[in-house]
Amino acid sequence: CSSMTGNLFHKAIIGTMPYLPRGLVWRFSRRYIAGTTLSDAYRVARDLNKLGCSGTIDVLGEDITNAGQVTAALELYRQALDGIRDNEIECGISVKLSELGLRFDEQGCRAAMRKLLDSTRDHENFVRIDMEDSSVTDVTLDIYREMRRDYEQVGAVIQSCLRRSKQDVINLMDEGPTDIRLCKGIYIEPEDIAYTDAEDIRDSFSEILDLLLEGGARVGIATHDPVLVERAEASLQRFDVSADRYEFQMLLGVTERLRSRLVAEGHPLRVYVPFGELWYNYSLRRLRENPGIAGHIIKNLFSRK
């Protein structure tokens, strides 16, 4: 009964999140977002390097609606690459194709991705094509296939919650060298195309990870789940995977104790460093994933200062 009450409370909180004061949301967000400027991202990435972690700068912003916004996004990513090089930071970049106009101009998106990869190659850096909801899985993987034919510095993302993902990985590895960031996935999808049970998602993650490691792919093991981390460590040992073929990946501000333990044990580890003026929508997404934290924020509204 208490569990049901808690679930109802969390659902109620999720409904109130768009009405939370931005100041309170920012107090929560500061742990998970570098800031609003590239300088903030560089500072956080440098600090992570000192802790033995590499970084990936993620410009917050997606579903843009015109070519001018695509041009601005490309320029911001070029500035990021310049700053990473000039500041000698061990750090890559991550991009959602919707930031490059995927949803309104697919060919323009492909052209923009090539421009970005030209800059990435010039800077001897790496770009991860992030994955979005299932409506664009096919086209996102197709664009990754096209780009990796001409560029080495590019990777994609596979979500273990999708039922199709195992076959996607098999196909990608059959077709050529593959660099995959494997994560559970955060998008709410229909049950006919996605696993909804937590253990099923975990089992899918572990199965796909073993396929990637055994098949010779390079893998970003993106999880904060201690169970999956333990399974991954066992798989890395079982397949005798060298440190240049994998890395653990985590979000900024999440499971820092586990992160420190993995680094201390000698595992390569990368932290995603989101920044940007569009921090608010990203923060609401994080809150939806953890409504318990949202409840804490709401309680602050009524607590004595």
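See the values below:
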item	result
Breaking point among (1) under 30 Å from Arg145 (Cα atoms); (2) in a loop (DSSP other than H, G, I, E, B); (3) not small (Gly, Ala, Ser), for Asp82	(2)
Matching residues, the range 67-109, being among the β-branched types (Val, Ile, Thr), more than 14 Å from the chain's Cα centre (by Cα) and open to solvent by less than 50 Å² (accessible area, probe 1.4 Å)	Val70, Ile84, Ile89
Hey, Ile201 within 19 Å of the chain's Cα centre (by Cα), over 30 Å from Arg30 (Cβ atoms) and among the aliphatic types (A, V, I, L, M) or not	no
Matching option when the condition is buried (at least 18 other Cβ atoms within 10 Å of the Cβ) and closer than 23 Å to Tyr282 by Cβ, among Leu212, Leu182	Leu182
Output for the range 254-280, where each listed residue is modelled with pLDDT under 95, buried (at least 16 other Cβ atoms within 10 Å of the Cβ) and either farther than 19 Å from Leu38 by Cβ or acidic (Asp, Glu) (or both)	Thr255
Of all residues making up the range 38-66, the number that are without any contact (Cβ under 8 Å) to a residue 60 or more places away in the chain, open to solvent by less than 70 Å² (accessible area, probe 1.4 Å) and more than 20 Å from Val263 (Cα to Cα)	3
Subset of the range 145-170 [part of a helix (DSSP H, G or I) and crowded, with 22+ Cβ neighbours inside 10 Å]	Ser165, Val169
Index of the failed condition, Pro274 passing every other in (1) within 14 Å of the chain's Cα centre (by Cα); (2) in contact (Cβ under 8 Å) with a residue 60 or more places away in the chain; (3) part of a loop (DSSP other than H, G, I, E, B)	(3)
Residue match in the range 220-228 (condition: in a helix (DSSP H, G or I), at pLDDT 95 or above and open to solvent by 20 Å² or more (accessible area, probe 1.4 Å))	yes
Selected residue (criterion: nearest to Ala41 (Cα to Cα)) from residues of the range 219-252 that are without any contact (Cβ under 8 Å) to a residue 12 or more places away in the chain and small (Gly, Ala, Ser)	Ser242
Number of positions in the range 171-195 that are assigned to a helix (DSSP H, G or I) and of a type in the set (S, T, N, Q)	1
Qualifying residue in the range 115-123 (condition: buried (at least 16 other Cβ atoms within 10 Å of the Cβ), part of a loop (DSSP other than H, G, I, E, B) and modelled with pLDDT of 95 or more)	yes
Residues satisfying the stated conditions in the range 196-209, i.e. among the charged types (D, E, K, R), assigned to a helix (DSSP H, G or I) and either open to solvent by less than 50 Å² (accessible area, probe 1.4 Å) or free of Cβ contacts under 8 Å to residues at least 24 places away in the same chain (or both)	Glu199, Asp200, Asp203
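The values are calculated or read from the model by the stated rules, or taken from the named source; none is laboratory data. Because the structure is a prediction, the values reported are computed rather than measured. Every residue, glycine as well, gets a Cβ built from its backbone with ideal geometry; the counts of neighbours run over all protein chains shown. Protein only, heavy atoms only, side chains kept; ligands, DNA and RNA dropped before computing areas. Shrake-Rupley method; radii C 1.70, N 1.55, O 1.52, S 1.80 Å.
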